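Trainee: This is the structure I want to talk about, given as structure tokens.
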Amino acid sequence: MKFILHIPKSWCTIMKITLGQVFIAVMLTSLSYANAGKAQAILNKQVTITINNTSLNSALKKLEKSADVKFVYSKSIIKTDKEVSITANKMSLNTILDKLLTANGIAYEVLNDRIVLNTIKTASAVSADGPGNAVNQAFPVSGKVVDENGQPLPGVSVRLNNTDRGTNTDANGEFTLNVDADTDVLTFSFIGYDNQTVTVGSTRTFNVQMAVGKGQNLQEVVVQGYGTITRANVSTSVSSVKGEALRERPNSTNIVQALQGRAPGVNVMINSGKPGGAPAVKIRGVGSINTTSDPLWVVDGFIGANPINIDPNIVESMEILKDAAATAIYGARGSNGVIIVTTRRGKAGTSEISISNNVGFSSILRKPDLMNANERLQLFVDQYNYNPANPAAPHLPIAQGGRDFPRKADLFNADGSPKYNTDWVDESTRLGVSNNHSLAFTGGTEKMSITANLNYRNLQGLLLNSYEKRVSGFVNVMWKVKPWLDIQAQINTGAAQGNNVDLDPLSSTAIRKMYEMLPFLPVTYPDGKPSLQGDYPGAENSENPVTLLNGIKNTVGTSFSNANFTGIFHITKDLDLTTTLGGLTEGNYDFYYAGRTLTGVSATDLGRARRRHTNIGQWSNSNFLTYKHDFGKHNVVLTAGADWIYRRSTYTLTQATNFFDDYYSFNNIGAGSVRGAAESDWLQEQTNAFYGRLVYNYDSRYLFQASYRVDGASQVASGKKYGSFPSIALGWNIHNEAFFKESSLARTVSQLKLRGSWGKTGNALLTPFSSLPLITTGTYVFGGSPVTIATPLSLGNPNLGWEEAVMSNVALDLGFANNRVSFTIEYYNKENRNLLLNKELSMETGYPNAFENIGAIRNRGIEIGLNTVNIENKNFRWSTTANFTMNRSKVLKLIGVPIFGTWGGWIAEGRPLNEFYGFVRQGVWGTNEKEEAAKYGRKPGDTKWLDANNNGAKDIDDRRPLGNAMPRWEATLINRFSYKGFSLLIDLGGMYGLNLINTGKHLMQNSAVTVNSFRDIQSAWKANTNENTMVPAVRTPQDSGNPSEVADSYAVEDGSFLRVRNIGLSYTSTSPWLKNILVKSLTIGANVENAFLWTRYSGFDPEYTSLTPQLDQGVDIYQYPKPRIVSFSLNASF
């Protein structure tokens, strides 16, 4: 079950209306407190102003600035398109208003420092409503209007028979209006809500509940680079995710994890179950080989933020910019997509305290099918029996050929049966208990708002002694300092610390031993000593996983601060200057100590310790002008600006061995008498950019956007440091055309938009100094003494230039039933050219490698998004969100030979990325194939591989593509149900057509295995009894003669899966009795994350990699399991 985070009703309302309507609601709430003396002082103000043939709307705006006043009115009642003129020199404000307003049939009244406008009743209206009129028999009706949560809604327009006659609801949502007849119709309207109409009839008192408008998503504001735009006028590819959608997963530790499945085209792989594990994000595929494919993160205008440090509780919304027309404004940083995060802000006229508490319990979702004690002992018997000359398995009774060894009596009964049957997965894991607590303060006035959030997390991992603790604080302040100046300041700071048990998977680590430890060994013997795997003769010797989990400390942590200051100068009513200054500091540390007695780890070194530090600092500055103006039906937005970013990082490492005691651990490296090699590094990079953009629409029908950016980066070679990145986008809102509105389609189709774009972005995110020749240092023994030497590291490349990504995008947006059903389909084609590759050089050069621009990659795909409101009435609502993504990659050009990875991956021209490449296992050579097997140097019982080139030998040319680590398609289906105060969420996600290379299983199933293994090794080949199998005959290491291959089709498994990511149930109460204890709302909930998983994959989880996810996704070398988390939540607002 899953808790659905309750969002107070005022926030739900505000998120769906414009800022102007927020002021209406706040002002009308205060009508009853108007001060007459103060009002008179406002009207007596002396004003000098000149207005010539200007619309009343523009005149009022100009008057607001000149007289320092604010006007409040409903555009549905007050018509402001009429042109007016006036010249005043130190004239009283009320005189000016009489000339501008009263003369045009508009009444005004000062209420709480605001001038509220309404219509003046004409004589005919008075006559019609007057009690003495015998013809119309006018009579009053009254009522109350509430929002979707039953709360009073002030400022709602109430109109009579679709005329200008009407009124607005007051602070309590109440209204009174004279009507003429029972047949009159009242229309209730408020932006952000669907209009409601009622016929008067015999009713004199009305209770009206407004419904949130389904078509309002077209008017929502979308944040794009250096500005905003309404959804209806977007011509680029942008997906939006609201903060409340992220918080539907209360067990997400960062916004990357919470983003999974929320937007089409955004692939999020949660590659580890360890606390604080960082998911991998790819937007529209991998577009680079040696540089990063991570998207650019922008938080409130700060470029280059670390998403792992962003608490989901502080997020208001996220926009994912996917096509080049949207990302080109970020130039060199935008080739992998851009994710813009807008943090929460206090709301004018509100003051709220909210607390959130979540307690979760983690457990193993599924386990690999490993052998038990009896099965593994039988396998040892089979291994020894492979060669008749071998002695019997050691554990057997001496009478059966067994032999004695020191721990035999502790491990086996007299008949050779095991005394223990240890499940090492169970022994190495626990029920993890995690806590997540948040305290938030939000509120504001019309000139200032603030949001403050404190968060504490304590996450226990599944494996013993693994954890992460994190504390963070966030403050966001916005201040309208002057009519010409707004400022915003944010700071996000915190620290985290944890114990990492997910170490090098190929060394003797706890996770590896959790798989491999022999199941007939105990955690500890009766004498209290822990078991060693080598306690059984012939087994690979190592500590057991429980000993390793308790005996190795790897404390990792970070401290971070990210501050951002923004000033917006309103130079004129149409022209703004925005300047942003931001800074980031981040300190990361990694402390490691393995004790003096840990066999296979540090016993030979008598203890091993290291201390590693990385410090990062960055500052950035953005300055841009924004010009907005409407020329009749022509809407123009121009943006031009410049950015500067400076980043520096330092790295230090010190290490030692040979400790006389474990007491000091990593806290005193000096206690180790043998010093390891010390390392340090210093890196610096700088970028600057100049950019411009034009956004234009005509009558919200024809859309146009173009941008141009010039970027400079220090990593690129001299003479090539600057790159140019243009883009263009077009859109057509067909549903706004007159011919469409008059057609029958308009009755059901509420949105029909075609859009297309083209653009170019860049990537120069190489390690600093990559274009320069580099040297490194080392140690060489000369004359019997070690001396420091310098050797070539990289040749450098004076022609090193930018990677470029050129993308085209076409899309269709559809909406039905007032956008109750919305549908989007997009097709994209992205080509990444001049790929930066660290090419290996011949030994004659004296250099190992150098960066060159030598490749090209293409990604093509289709994205589909669907949102529906299936059922909605007063008490019940059911909505659905679904998305589908399909991406195909291809290496178009790669100068030189293919690039082969360590674990079965390769990059080759004409082939997709993330592809596994190796030998095809056909089975096992049979007894009747002895002569044929001998041609390949094999014998019956050995692995049989495909001779693809039919040359009678097994060679590298026999290798073939074996599968791909990226899915052929992925999909998400989210259903939300609400009934009164109850909410239920079911979130399903799946991927199809992905493969993994189960390297851990492959190593454990080699024919001469000396550790535990997967249960299906029991199907190994046996002469004449079991020859139709894929598993070769098992044998001892001395009998092996059957080498295995790293990349083998048998090790590459289908990883397709369907997962129930979340099930959540919550109940929210706003009962009146809560107000007696100062509680506005109370929510209790339960959630099950990672509830169910269906897959054929034999490992813990198919969504995984042990290596770098960019090009080595799907390599499973003993993974940290993902937990199922059952959590319970209690939230309250005050």
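Trainee: Just want the answer: with Cβ charges of +1 for Lys and Arg and -1 for Asp and Glu, which residue in Leu703, Val145, Gly1064 is farthest toward the dipole's positive end in the chain?
Mentor: Selected residue: Val145.
Trainee: Among Gly401, Asn390, Asn372, pick out the residue whose Cα is farthest towards the positive end of the charge dipole of the stretch 363-419, where Lys and Arg carry +1 and Asp and Glu carry -1 on C-beta, about the Cα centre.
Mentor: After comparing all options, I get Asn372.
Trainee: Among Gly416, Ser727, Gly896, whose Cα projects farthest towards the positive end of the dipole of the chain, with charges put on the beta-carbon of Lys, Arg (+1) and Asp, Glu (-1)?
Mentor: Going by the charge dipole, the pick is Ser727.
Trainee: Order these peptides, 1024-1037, 785-798, by their mean beta-carbon neighbour count within 10 angstrom, highest first.
Mentor: So the order, starting with the most tightly packed, is 1024-1037, 785-798.
Trainee: Which whole-Hz ³J(HN,Hα) couplings does the stretch 893-906 yield from phi under the Karplus relation 6.51 cos²θ - 1.76 cosθ + 1.60, θ = phi - 60°, glycine and proline marked x?
Mentor: 8, 8, 6, x, 7, x, 9, 9, x, 6, 10, x, x, 8
Trainee: Right, another one. Residues with beta-carbon under 11 Å from that of Glu685, excluding Glu685: net charge, scoring Lys, Arg +1 and Asp, Glu -1?
Mentor: Computed value for this residue: +2.
Trainee: Sorting Met210, Met448 on the 10 Å Cβ count, fewest up front, what's the list?
Mentor: Met448, Met210
Trainee: Magnitude of the Cβ-charge dipole of the stretch 978-1105, K/R +1 and D/E -1, about the Cα centre, nearest 20 debye?
Mentor: 780 debye
Trainee: If you don't mind, another one. Evaluate the distance, in nm, between pseudo-label points positioned 7 Å from the Cα of Lys70 and of Arg747 along their respective Cα→Cβ axes.
Mentor: Those two pseudo-labels are separated by 4.5 nm.
Trainee: Report, in whole Å, the centroid distance computed from the Cα atoms of the stretch 1099-1134 and the stretch 620-673.
Mentor: About 26 Å separates the Cα centre of the stretch 1099-1134 from the one of the stretch 620-673.
Trainee: Shifting gears a bit: In whole percent, what relative contact order does the chain give with Cα contacts below 8 Å and a gap of six or more residues?
Mentor: In percent, rounded to a whole number, it is 10.
Trainee: A follow-up question, please. Mind checking the dipole of the chain: about its Cα centre, +1 per Lys or Arg Cβ, -1 per Asp or Glu Cβ, Debye to the nearest 20?
Mentor: Once rounded to the nearest 20, the dipole reads 2380 debye.
Trainee: Round to a whole angstrom and tell me the spacing of the C-alpha centers of the stretch 917-984 and the stretch 1035-1053.
Mentor: Distance between centres, Cα-based: 14 Å.
Trainee: Long-range amide H contacts for Asn271: which residues qualify at under 5 Å (H placed 1.01 Å from N, peptide plane, sequence gap of 5 or more or a different chain)?
Mentor: Those lying under 5 Å, H to H, from Asn271 are Ala280.
Trainee: Roughly how far apart, in whole Å, are the Cα centres of the stretch 305-322 and the stretch 802-830?
Mentor: 22 Å
Trainee: Of (i) 223; (ii) 263; (iii) 276, which is the value of volume of the Cα convex hull per residue in Å³ derived from the coordinates here?
Mentor: Computing volume of the Cα convex hull per residue in Å³ and matching it to (i) 223; (ii) 263; (iii) 276 gives (i).
Trainee: Say a paramagnetic label sat at a point 7 Å from the Cα of Phe982, along Cα to Cβ; which residues of the stretch 1098-1134 have their backbone N under 20 Å from it?
Mentor: 1127-1131
Trainee: With both bridge residues required to lie in the chain, what share of the DSSP beta bridges run antiparallel, to the nearest 5%?
Mentor: 95 percent
Trainee: Which net charge results for the neighbourhood of Ser649, defined as the other residues with beta-carbon distances under 10 angstrom from its beta-carbon, given Lys and Arg at +1 and Asp and Glu at -1?
Mentor: -1
Trainee: Which whole-number percentage describes the relative contact order of the stretch 940-1074, with Cα contacts under 8 Å and a sequence gap of 6 or more?
Mentor: 31 percent
Trainee: Using a 10 Å cut-off on Cβ atoms, rank the peptides 1072-1079, 578-585 from the highest mean neighbour count down.
Mentor: Order by mean packing, descending: 578-585, 1072-1079.
Trainee: Shifting gears a bit: What is the dipole size for the stretch 363-419, taken about its Cα centre, with +1 at each Lys and Arg Cβ and -1 at each Asp and Glu Cβ, in debye to the nearest 20?
Mentor: My answer is approximately 200 debye.
Trainee: Right, here's the next one. Note down the net charge around Val298, summing +1 for each Lys or Arg and -1 for each Asp or Glu among other residues with Cβ under 10 Å from its Cβ.
Mentor: My count for the surroundings of Val298 gives -1.
Trainee: Divide by every residue of the chain the summed helix terms, -39500 (n - 2.57) for each DSSP H run of at least 4, and state the resulting mean residue ellipticity at 222 nm, rounded to the nearest 500 deg cm²/dmol.
Mentor: It lands at -2500 deg cm²/dmol.
Trainee: While we're here: Go through 411-421, 510-520 and give me the packing order, highest mean Cβ count within 10 Å leading.
Mentor: Highest mean packing first, the order is 510-520, 411-421.
Where a number appears in this text, it was derived from the coordinates with a stated rule and is not lab data. Here the structure is a predicted model, which is why all the values come from computation and not from measurement. For neighbour counting, all protein chains shown are included, and Cβ atoms are generated from backbone atoms with ideal geometry for every residue, glycine included.
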